[in-house]
Each structure stands twice: as C-alpha cells, then as structure tokens.
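The values are calculated or read from the model by the stated rules, or taken from the named source; none is laboratory data. It should be emphasised that the depicted structure is a prediction, and the values quoted were computed from it without experimental measurement. Note that we place each Cβ from the backbone using ideal geometry, even for glycine, and neighbour counts take in every protein chain shown.
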Amino acid sequence: MTFLTKLKTFAADESGAVTVDWVVLTAAIVGLGLAVITSVRTGVGNLGTDISNSLTSASVATLGTLGNSN
C-alpha cells in the first residue's frame, strides 16, 4: 500500500479515533502557521523599512550622465 493510498484511506475514515486525529493534526498545522507568522512578521517589517529608506535616499541617474551627480 502506497503512502497516497494510506492517506486517502485515513482521510475517508470517519471513526471516532481518526476524527480526533484529524482535529489534532489540523490544530498542529494551524499552530505552526501562526508561530511562523509571528516570528517572521517583525523581521519583514524591519526589512521593509530599510528598503524604503534606501530607495528614498537613492539618486537616479538621468540618461546620458552615466550616474554623475554634477
């Protein structure tokens, strides 16, 4: 029996113990997703601020000057 077949059989089973397993598995996946979002959110916000500051202070060369600022 392949893994996919076992997974389909597990998903189709509606007995009490398997239903509890699905609830626990779903809760674990949701919890993991929330943990990832919480840990990444601060770093992404800081990175966005740094990029915004860099782009705001950058100068754009006009065509023909090749980046000379004078």
**Study point:** Selection within segment 24-46 - at pLDDT 90 or above and aliphatic (A, V, I, L, M)
**Key:** Val24, Leu25, Ala27, Ala28, Ile29, Val30, Leu32, Leu34, Ala35, Val36, Ile37
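Can you tell me how many residues in segment 51-70 are exposed (fewer than 10 other Cβ atoms within 10 Å of the Cβ) and at pLDDT 80 or above?
Here the count works out to 6.
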